Structures are given as C-alpha cells and as structure tokens.
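The values are calculated or read from the model by the stated rules, or taken from the named source; none is laboratory data. Since this is a predicted model, take the numbers as computed values, not measurements. Here the Cβ positions follow ideal geometry from the backbone for every residue, glycine too, while neighbour counts run over all protein chains shown. Heads up: the accessible areas ignore ligands, DNA and RNA and are worked out on the full protein's heavy atoms, side chains in. Shrake-Rupley method; radii C 1.70, N 1.55, O 1.52, S 1.80 Å.
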2 protein chains.
Amino acid sequence: MNFADQLAAATQSTGSVACVGLDPRKASLPKKIIPVSDSPDAWAAAYTLFCREIIDVVAGKVACVKPQSAFFEQLGPAGCVSLGEVISYARLKNVLVIVDGKRNDIGSTATAYADAYLGQQSPWGGDSLTVSPYLGRDSLEPFVEVCDQRDAGIFVLVKTSNPGGGLFQDRTTDGQTVYQSVAELVREMNEGRVGKCGYGPVGAVVGATYPQQLAEMRAAMPTSWILIPGFGAQGGGADDVKAGFDDQRLGAVVNSSRHIIFAHRRAEYADSMGEDRWQDAVEAATIEMNQQLSW
Amino acid sequence: MNFADQLAAATQSTGSVACVGLDPRKASLPKKIIPVSDSPDAWAAAYTLFCREIIDVVAGKVACVKPQSAFFEQLGPAGCVSLGEVISYARLKNVLVIVDGKRNDIGSTATAYADAYLGQQSPWGGDSLTVSPYLGRDSLEPFVEVCDQRDAGIFVLVKTSNPGGGLFQDRTTDGQTVYQSVAELVREMNEGRVGKCGYGPVGAVVGATYPQQLAEMRAAMPTSWILIPGFGAQGGGADDVKAGFDDQRLGAVVNSSRHIIFAHRRAEYADSMGEDRWQDAVEAATIEMNQQLSW
C-alpha cells in the first residue's frame, strides 16, 4: 500500500493525527532508565528500552513515531544499533516510522541514503525519512525512486520551525520564496504517485510556529502529507496547526517530542506521576495531545 | 591546534592538496575484499578492511580523507560500526578526517549532531563534518560552538557539484544568489576564529564543476577552507580547481573518490595492476592526482 495511504489508515484507525518524536537525551531520561555503567553500549541499551516503553504506550494511540537520528548518533555506533532496534520494534507494533535524519546528497550517494533507510533491502526499515532540499531536484529524485520500490515516503524540509529558518527559506525571487519553490518541487514529484487517500509519498515539513505559511503550504502542496514539528515544547498550539489539514482531517501529522516522552518532567505530571510512573505521564500527555488535536 | 591550522599543516607536510573520498560500494570492491558471507556484519568488516588498506596507502601522501557516511549507513548499524573504525584508524595514522554526513537540524538537535561527530566526548571522533545550511544560521551555530571546544571544523554546503544544484542555490534576490548568501554567513561565522594560517574552522563546499563560482567563492570567503568535490569522476580537472586556492597554495582541498579508491577498475590501471594489485592502483592514482594538482 502507498505510504500516503498507510499514513491515512493509521490516522483513521487510531483517530489521532499525532506523531511522537523519539528524542532520547541522557539528561532527561527517567531515573529508572539511566544505566549503571556509563558506556555507550549501556546508554544505547537504555535508549532502546526507553523508546520501546514509549512505543508500548503510544501504539494504537498515535499515527506514527519519529525517531530523531541525531540523538542516537550522539552515542556513536552503539546508538545506531539502538536506532535500528527502535525502528524494528515500532514496526513490530504496527506503528509507522518517520526516520528524522534530514539526509541528502547527490546522485548515487543520495541513492545510498535512500536504499539505507527506505529501500527494499533496507537494513533500517524505516517507513519514511526526512530529507533536505538544498542540493536540488536531482538530489531528491533518487529518494522518490526508492520510495516507489517499497511504498515508502519522504518528508522534504520546506519551512522549518526554528526562529532563523527564514534566513534562506524566505528569500524571494520574482515574488516566490525559496520555500515556495521547494513546495512547488514537492508538488511536482507527487504527480502520478497519488494514492487512494488523495495524497502521495512525497511529503513536506512545515513548522507549527508559522501558521500563516502552513495554510499557504497546504494549498500549494494539495497532495502532500505535511509533517508539522514545533507543537508543544516549541510553542505551536492546536489552532496553529489546523491549517495543515484538509476538511477530512487528513493531510498532516503533528509532532511532539519532549512534551510527550519527557512528560514526567512537566509541572502537570511531575507531582501526580513523576519518575516512578513516567510511562503513565507519557500516556496522559499523549491523550492530552490527541484531545487538543480533535477540533 | 585550530582545525584550519591542522589542515594547513597537513597540506604542507604531505605536499598534497588532495582529499581521498572513502565511498565503499559493494559492486566496486576488489574481489579479494568481497566477503564470503552476505551478512551486513561481513560487508561492514569488508568496508573497514578496504578503507584501512586505502588509508595505509594514502597516509602521508594526501591532506585528508573523507568517509562518505551514506555508504556506511547503507549497511545499517553494522556499517556505522565500520564508519567508526575507519575514522579511528585514519586518526591513528595521523590522517585528518572529514566526515561527509551533510548533517543539519535545529537547536539542541544540531548540538547533538555536533557533539556526535565533533565534540570533546565524540564517540566518532571526526576532525570535521560537512553540514547543510537550509535551516539557517541558528542551525549552524551549534556546530561552530562545538568546533571551538575541540578544535574541530565544518564544511558548509555552499555551491554543490551536481547538475541540478542551482535550482535553489542560484536563485537571486536583490542581486545576491542563495549560495552567495550562504557564503556570506560562512565568512561571518569565521570572524574571531582565524588561525595562524589565515583560515578558520568554518569551511565551505564548492564543486569543481563550477569553476567560475569557485573563483568568486574564494574571494567571498577569504578565511574559509574550501572542500572541492567533483574532481575526477565527476568531470572537474586541475585547471577547474586552481581558483579555489590562495597564492600560497592554501585554502582548498580537492576531493576524489571513485577515481582513487576504485582505480583498479580504470582503463589505465586495469591491465597493469587490476584486482590483484588494487592497492598499487590506489597509490598510482593518488600520485597521479597529486601531480595534476601541483601546478
């Protein structure tokens, strides 16, 4: 099944448009998870355990999960082993996986990244991958070709959620910004690839912190799933993300990382659940997010 | 010692401005290196062996090596272990390492990537890393801050060597292209960081396939080392890259991957050396490249 249709089915079967970002950080892990030994292998095992517990809590309650590769790579090769295990575990639990790697390169190197994360023989087995557009169309096409082989998907960075994202993305040429131009390319790459749900495998990343641009981008890429980061800890709210959806409540997934996975550290859950019941805090935060997103 | 000064010392002690790209590919490995078993671990061990043999040949003959992360990631977690081993081995042999990962993200995630590859506790231990600028200044600054801690360096994608690189990079606003605007940021980030050699830790990637832009970029970023890909297999020649250097023959390193590491497959070496003497072919191709680059 087309990746876009898989994602549509996931949002419909769970009733959720939430994506949980799996961003393990040593300093924020629940105490129970912190390893005795300080070795990379011990931390990697702790990251795997932490993410598995989260997946157990959120499976069936959210549309997808998004492991952030950077935090796993921070542990070195041992962390990469953990990332592989986390992806495998999510898939075992029938949770769609967006690997957040923001990868990109040219020609056969782009193909190598695509094969790595999305290919038929992919040793990581991600369902989709975030990719960066700076190198142009010929750097993205190898990803799309590999997506076709295994019904995988990509999310191209279009308009990012950080304060300085506009420095290059907002530069205007003949009335069109760079991010609008990337959106045009994203739209074009979905041509001939649209699934039953009306969307295709080439998605986009558009931050919740720019609600006006989100509405504009929804219109500019009518067949693209939009991955919306910046909800929760980064300041985006439910009203900010509405514009990313179509009137069937399809077409977007909203990511929250810290607010969910480290919910035991939030004031509203620290006292009632805290360290000892951190999984309950994850569950409560997930339910809260789903409620916020059910307008 | 400032990364820029380390790189200057490396070009001066070796008399070479060449960078050898370590891009292992299953289909191009010498037959002797191909593993008996088809498992990821077996291939990863083969990649490590292959790259170690190349490092043994080129150590002392080239300025640096550049492992391409994509090809290691293509093997999954096992490949990441190999990448770590290859970086460690190069450093053991006193060869500077540019990790070609084209990483980028925002805020604390960018810091995680920087810590991963360049930090004081880096489990990979790269000397420098290629990074993508699409997310803006605040996505690059965490890398520069981490570079300061361990005298590491970055190479920011400015003008890439692929045919379609211009789609976004060449868009012009108020007379300035995107890549010129990225170059301006690169120049600014080196302010206050310039070492004895006249260069700083914030370098740039400018493809050999755009010689005119290379001259322009040399002038626009007078304190930045330029990593020049596209030499050899991608079509760039010695005359094309000259403009990347200052009149002391400093300020740039020229990368060649396939033409060096798979030299045994090139017509000029296939008969005389071929599979059995593939390391000799690597050596001959390295010497040839150094000669081409000694104008």
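Does at least one position in region A:271-286 carry a residue that is of a type in the set (D, E, K, R), free of Cβ contacts under 8 Å to residues at least 12 places away in the same chain and open to solvent by 10 Å² or more (accessible area, probe 1.4 Å)? Taking every residue of region A:271-286 in turn, at least one turns out to be of a type in the set (D, E, K, R), free of Cβ contacts under 8 Å to residues at least 12 places away in the same chain and open to solvent by 10 Å² or more (accessible area, probe 1.4 Å). Could you grab me the full set of residues in region A:244-258 that are in contact with a strand residue (DSSP E or B) (Cβ under 9 Å, 6 or more places away or on another chain) and surrounded by fewer than 21 Cβ atoms within 10 Å (Cβ to Cβ)? Residues satisfying the conditions are A:Asp246, A:Leu250, A:Arg258.
Here's the yes/no breakdown for (1) among the hydroxyl-bearing types (Ser, Thr, Tyr); (2) facing chain A (nearest Cβ under 7 Å); (3) at positive phi:
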residue: B:Ala59; (1), (2), (3): no, no, no
residue: B:Val65; (1), (2), (3): no, no, no
residue: B:Glu73; (1), (2), (3): no, yes, no
residue: B:Ser88; (1), (2), (3): yes, no, no
residue: B:Ser132; (1), (2), (3): yes, yes, no
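When we screen B:Gln213, B:Gln180 for residues that are of a type in the set (S, T, N, Q) and within 27 Å of B:Ala10 (Cβ to Cβ), the only hit is B:Gln213. Does A:Gln74 fit the bill of being open to solvent by 50 Å² or more (accessible area, probe 1.4 Å) and over 19 Å from A:Asn255 (Cβ atoms)? So A:Gln74 passes the test. Return yes or no: is A:Leu129 in a strand (DSSP E or B), farther than 23 Å from B:Thr173 by Cα and hydrophobic (A, V, I, L, M, F, W, C)? Taking the combined requirement at face value, the residue satisfies it. When the residues of region B:89-131 are filtered to those that are of a type in the set (Lys, Arg) and out of contact with any helix residue (DSSP H, G or I) (no Cβ under 7 Å at 6 or more places or on another chain), the one that is most open to solvent (accessible area, probe 1.4 Å) is B:Arg91.
When region B:10-48 is limited to residues that are hydrophobic (A, V, I, L, M, F, W, C) and free of Cβ contacts under 8 Å to residues at least 12 places away in the same chain, the one that is nearest to B:Gly251 (Cα to Cα) turns out to be B:Ala27.
For region A:134-151, a tally of residues being closer than 11 Å to A:Pro201 by Cα and either within 9 Å of chain B (Cβ to nearest Cβ) or not in a helix (DSSP H, G or I) (or both) returns 1. Kindly check whether there is at least one residue in region B:120-130 that is at the interface with chain A (Cβ under 7 Å from one of its Cβ atoms) and within 28 Å of A:Leu118 (Cα to Cα). Taking every residue of region B:120-130 in turn, at least one turns out to be at the interface with chain A (Cβ under 7 Å from one of its Cβ atoms) and within 28 Å of A:Leu118 (Cα to Cα). Of the listed requirements (1) of a type outside the set (D, E, K, R); (2) in contact with a Pro (Cβ under 6 Å, 6 or more places away or on another chain); (3) more than 9 Å from chain B (Cβ to nearest Cβ), A:Thr48 misses just one: (2). Filtered by the rule that a residue be of a type in the set (Val, Ile, Thr), open to solvent by less than 10 Å² (accessible area, probe 1.4 Å) and within 11 Å of chain A (Cβ to nearest Cβ), region B:158-200 gives B:Val158, B:Thr160, B:Val178, B:Val182.
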